[in-house]
Each structure stands twice: as C-alpha cells, then as structure tokens.
Amino acid sequence: MSNLSAFEFNDDLVVDSRLIASRLGIEHQNFMKTIYTYETLVEQNFGVFLFQTGKPKKGIGGRPEKYVYLTEDQATFLMTLSQNRLEVVQCKVDLVKAFSKAKEILRRQQDVQRSVPYWYHRM
C-alpha cells in the first residue's frame with residue numbers, strides 16, 4: 001500500500017489522484033474516468049481540477065500519463081462515490097489524517113515565521 005499524504009501545491013493542500021486510486025485498490029485510469037464523469041459537478045462545487053501530465057516511462061514511450069492534484073473537498077467527494085469496502089473506508093480515514101497532518105505542519109511553519117523578528121527577515 002502506498003503512503004497517502006497531502007502536500008502544498010500553488011498555495012493549496014492537495015493529494016495525488018494516483019495515490020488515491022492505489023489506496024482504493026483500483027486502476028488509476030478507472031479513477032480518472034470517475035473524475036471525468038463528475039468533472040463539471042465537482043468543479044462547480046469544489047473548484048477547478050489541477051490536471052497534471054507526467055512524462056512517459058523511459059524505454060517504454062507512449063503517451064504521457066494524466067493525473068490530478070485533488071483538493072481535500074474534491075478528494076473527499078470523489079471517495080464518497082466508492083463502495084464502502086474495508087480498503088475504501090481505511091483510505092477515507094487516511095485521507096482525513098493526511099490533510100489534518102499537512103494543515104498542522106503548515107500552521108506550525110506560520111507560527112515560527114511570525115515569531116521570528118522583523119529584522120531577522122530583512123537579513
């Protein structure tokens with residue numbers, strides 16, 4: 001099982017769609033079909049998808065892989081569309097924990113930055 005973790009991208013906390021698919025126990029291309037099916041609904045309610053394009057694997061060639069950086073709301077909604085099998089429920093738990101952990105790390109960083117004197121930043 002892959003480690004599910006959220007990270008900061010363009011000032012948003014996001015999670016990689018490939019990690020979600022892996023943790024749900026489904027092929028990434030099938031998860032992408034779900035994303036495309038509900039794209040309009042999700043974007044109207046939770047913001048625009050951050051589509052990404054990866055490089056083709058060396059020596060294999062082919063088309064670049066498409067994936068999405070999902071915000072917390074987008075990922076949570078898309079995961080609610082999955083049947084509640086044991087691994088799906090665990091993935092949902094891990095997703096909530098991943099975003100909570102990322103928020104806490106960012107909060108600590110902001111606290112440290114605020115506690116550093118102004119003159120130190122100017123150096």
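The values are calculated or read from the model by the stated rules, or taken from the named source; none is laboratory data. For clarity, every value in this text was computed on a predicted model and none was experimentally measured. Virtual Cβ from ideal backbone geometry, glycine too; neighbours counted across all protein chains shown. Protein only, heavy atoms only, side chains kept; ligands, DNA and RNA dropped before computing areas. Shrake-Rupley method; radii C 1.70, N 1.55, O 1.52, S 1.80 Å.
In the set (1) surrounded by 13 or more Cβ atoms within 10 Å (Cβ to Cβ); (2) in a helix (DSSP H, G or I), the condition left unmet by GLN44 is number (1). For region 48-75, a tally of residues being part of a loop (DSSP other than H, G, I, E, B), open to solvent by less than 80 Å² (accessible area, probe 1.4 Å) and modelled with pLDDT of 95 or more returns 1. When restricted to residues that are open to solvent by 50 Å² or more (accessible area, probe 1.4 Å), aliphatic (A, V, I, L, M) and within 16 Å of the chain's Cα centre (by Cα), region 82-104 contains 2. Figure legend. Inter-residue proximity from region 91-111: first residues closer than 14 Å to ASP73 by Cα, second residues acidic (Asp, Glu) and open to solvent by less than 90 Å² (accessible area, probe 1.4 Å), beta-carbon distance below 6 Å, spacing 6+ or different chains. Indicated pairs: PHE99/GLU72.
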